[in-house]
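The values are calculated or read from the model by the stated rules, or taken from the named source; none is laboratory data. The shown structure was predicted, so the numbers you read here are calculated from the model rather than taken from an experiment. Glycine gets a Cβ as well: all are built from the backbone with ideal geometry, and neighbour counts include every protein chain shown. Accessible surface is based on the protein model in full, side chains and every heavy atom, while ligands, DNA and RNA are left aside. Shrake-Rupley method; radii C 1.70, N 1.55, O 1.52, S 1.80 Å.
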Amino acid sequence: MATDPSPKTAWRPMQLPDIVSVSKLAADIHPDFPESDDVLREKLSLFPRGCSMLMSENEPAGYILSHPWTRGCPAPLNNLLGALPDEPDAFYIHDLALSSSARGLGMADEIVDRTMALAHFLNFRTVTLVSLGNAASFWQRHGFSATRPSGAKDVLTKYGPDASYMERHLDP
């Protein structure tokens, strides 16, 4: 059972200066999957509404990067996108990461719920992501199921042997 988060623990919109903190958190949380600051900056600039920072006692404690994308084709790891698709058919969660001190507070559940609401508001009917390691059970609790789209195989290999492409379908 999640404990109540501190009133000083909250999600807020990500801002450009946050990229330094995002980069540090990413290096600490999943060092085997580095992404350059340029890649992180681009995700924020392409779709700021999908990027949030978790702050705890005024310290960065987590982040989410998400954006419209193409179903069945996970965004490549550590590559500039250049632009979002002209006709995206899915909403993509590129990364959700929380520091160990922020886990167990329900903050991941909160931002997933907010992200699903944003995707629904934008009229997307599918949300996709790549799950790493043992995170699949977390995503399954949130209604995601593993699928094997043909266009994902090459990209998934860069995410490691435990990577799983997952989708959640939203009600109209």
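Remarks
- Near pairs, Cβ below 9 angstrom, 6+ apart or cross-chain, from the range 134-145 (free of Cβ contacts under 8 Å to residues at least 24 places away in the same chain and at negative phi) to any residue that is of a type in the set (Lys, Arg) and open to solvent by 40 Å² or more (accessible area, probe 1.4 Å): Ser145/Arg168
- If the condition is being open to solvent by 40 Å² or more (accessible area, probe 1.4 Å), hydroxyl-bearing (Ser, Thr, Tyr) and within 19 Å of Phe121 (Cα to Cα), then the range 41-73 contributes only Thr70.
- Against the conditions (1) in contact with a helix residue (DSSP H, G or I) (Cβ under 9 Å, 6 or more places away or on another chain); (2) under 27 Å from Pro149 (Cβ atoms); (3) aromatic (Phe, Trp, Tyr), Trp69 satisfies every one except (1).
- Filtered by the rule that a residue be within 13 Å of the chain's Cα centre (by Cα) and either assigned to a helix (DSSP H, G or I) or under 16 Å from Phe144 (Cα atoms) (or both), the range 72-106 gives Pro74, Phe91, Tyr92, Ile93, His94, Asp95, Leu96.
- Qualifying residue in the range 35-43 (condition: within 18 Å of Ala117 (Cβ to Cβ) and aliphatic (A, V, I, L, M)): no
- Residue, farthest from Arg71 (Cα to Cα), within the range 121-139, restricted to residues that are under 15 Å from the mean Cα position of the chain (by Cα) and among the polar types (S, T, N, Q): Ser131
- Just one of the listed residues (Arg148, Arg114) is open to solvent by 50 Å² or more (accessible area, probe 1.4 Å) and under 23 Å from Thr9 (Cβ atoms), and it is Arg114.
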